[in-house]
């Protein structure tokens, strides 16, 4: 799976949020300043080429739908981050956030409880 650009990720967040739609539907969901219609259309075409969405011709327009779920993208993206920056170790990832004070003791306890529940 190809990594998305920031612009493509922003667009996919909107598409994941509302699901099936036309370019105008997606454009309406962007916060100001909204991207120009043509820029969004190009981004959507790129996402279609990358296999993230699928377009179906409906008259003169295309109706787009999601091909890759958000959870699947997150899982593969995070695996890449862990592989590339944390020596393929989730422990190293958590240690990094603990050292950077980006995760609290109570949050770590919640994580431990989730791990123990799923055993």
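The values are calculated or read from the model by the stated rules, or taken from the named source; none is laboratory data. Predicted model only: the values in this text are computed from it and were never measured. Cβ sites come from the backbone with ideal geometry, for glycine too, and all protein chains shown count toward neighbours.
Answer yes if at least one residue in the stretch 98-112 is surrounded by fewer than 12 Cβ atoms within 10 Å (Cβ to Cβ) and in the same structural domain as residue 23 (by TED's automatic domain parsing), and no otherwise.
no
Which of the residues that make up the stretch 55-77 are surrounded by fewer than 15 Cβ atoms within 10 Å (Cβ to Cβ) and either under 30 Å from residue 90 (Cα atoms) or touching a strand residue (DSSP E or B) at 6+ places or on another chain (Cβ under 7 Å) (or both)? Steps first, please.
Start the filter on the stretch 55-77 by keeping residues that are surrounded by fewer than 15 Cβ atoms within 10 Å (Cβ to Cβ), which leaves 56-61, 65, 67, 69-72, 74-77.
Correct list: 56, 65, 67, 69, 70, 71, 72, 74, 75, 76, 77.
Residue check: is residue 93 in contact with a strand residue (DSSP E or B) (Cβ under 6 Å, 6 or more places away or on another chain), surrounded by 14 or more Cβ atoms within 10 Å (Cβ to Cβ) and either farther than 16 Å from residue 13 by Cα or in the same structural domain as residue 15 (by TED's automatic domain parsing) (or both)? Working first, answer last.
Values: in contact with a strand residue (DSSP E or B) (Cβ under 6 Å, 6 or more places away or on another chain): no; surrounded by 14 or more Cβ atoms within 10 Å (Cβ to Cβ): yes; either farther than 16 Å from residue 13 by Cα or in the same structural domain as residue 15 (by TED's automatic domain parsing) (or both): yes.
Taking the combined requirement at face value, the residue does not satisfy it.
Which of the residues that make up the stretch 40-81 are assigned to a helix (DSSP H, G or I) and under 19 Å from residue 23 (Cβ atoms)? I'd like the intermediate steps shown before the answer.
Filtering the stretch 40-81 for residues assigned to a helix (DSSP H, G or I) gives 40-49, 70-81.
Hits for the stretch 40-81 are 40, 41, 42, 43, 44, 45, 46, 47, 48, 49.
What pairs can you find where one residue is in the stretch 77-92 and touching a residue at least 24 places away in the same chain (Cβ under 8 Å), the other is loosely packed, with under 12 Cβ neighbours inside 10 Å, and their Cβ atoms are less than 8 Å apart, with a gap of 6+ or different chains?
77/3; 80/3
What do you reckon, is residue 52 outside the structural domain of residue 19 (by TED's automatic domain parsing), within 17 Å of residue 12 (Cα to Cα), in contact (Cβ under 8 Å) with a residue 24 or more places away in the chain and surrounded by 13 or more Cβ atoms within 10 Å (Cβ to Cβ)? Working first, answer last.
Values: outside the structural domain of residue 19 (by TED's automatic domain parsing): no; within 17 Å of residue 12 (Cα to Cα): yes; in contact (Cβ under 8 Å) with a residue 24 or more places away in the chain: yes; surrounded by 13 or more Cβ atoms within 10 Å (Cβ to Cβ): yes.
Against the criterion (outside the structural domain of residue 19 (by TED's automatic domain parsing), within 17 Å of residue 12 (Cα to Cα), in contact (Cβ under 8 Å) with a residue 24 or more places away in the chain and surrounded by 13 or more Cβ atoms within 10 Å (Cβ to Cβ)), residue 52 does not qualify.
Could you please let me know if residue 84 is within 20 Å of residue 9 (Cα to Cα) and either in a loop (DSSP other than H, G, I, E, B) or out of contact with any helix residue (DSSP H, G or I) (no Cβ under 9 Å at 6 or more places or on another chain) (or both)? First the steps, then the outcome.
Values: within 20 Å of residue 9 (Cα to Cα): yes; either in a loop (DSSP other than H, G, I, E, B) or out of contact with any helix residue (DSSP H, G or I) (no Cβ under 9 Å at 6 or more places or on another chain) (or both): yes.
The answer is yes for residue 84.
Right, residue 92: outside any helix (DSSP H, G or I) and modelled with pLDDT under 95 or not? Steps first, answer last, please.
Numbers: outside any helix (DSSP H, G or I): no; modelled with pLDDT under 95: yes.
Taking the combined requirement at face value, the residue does not satisfy it.
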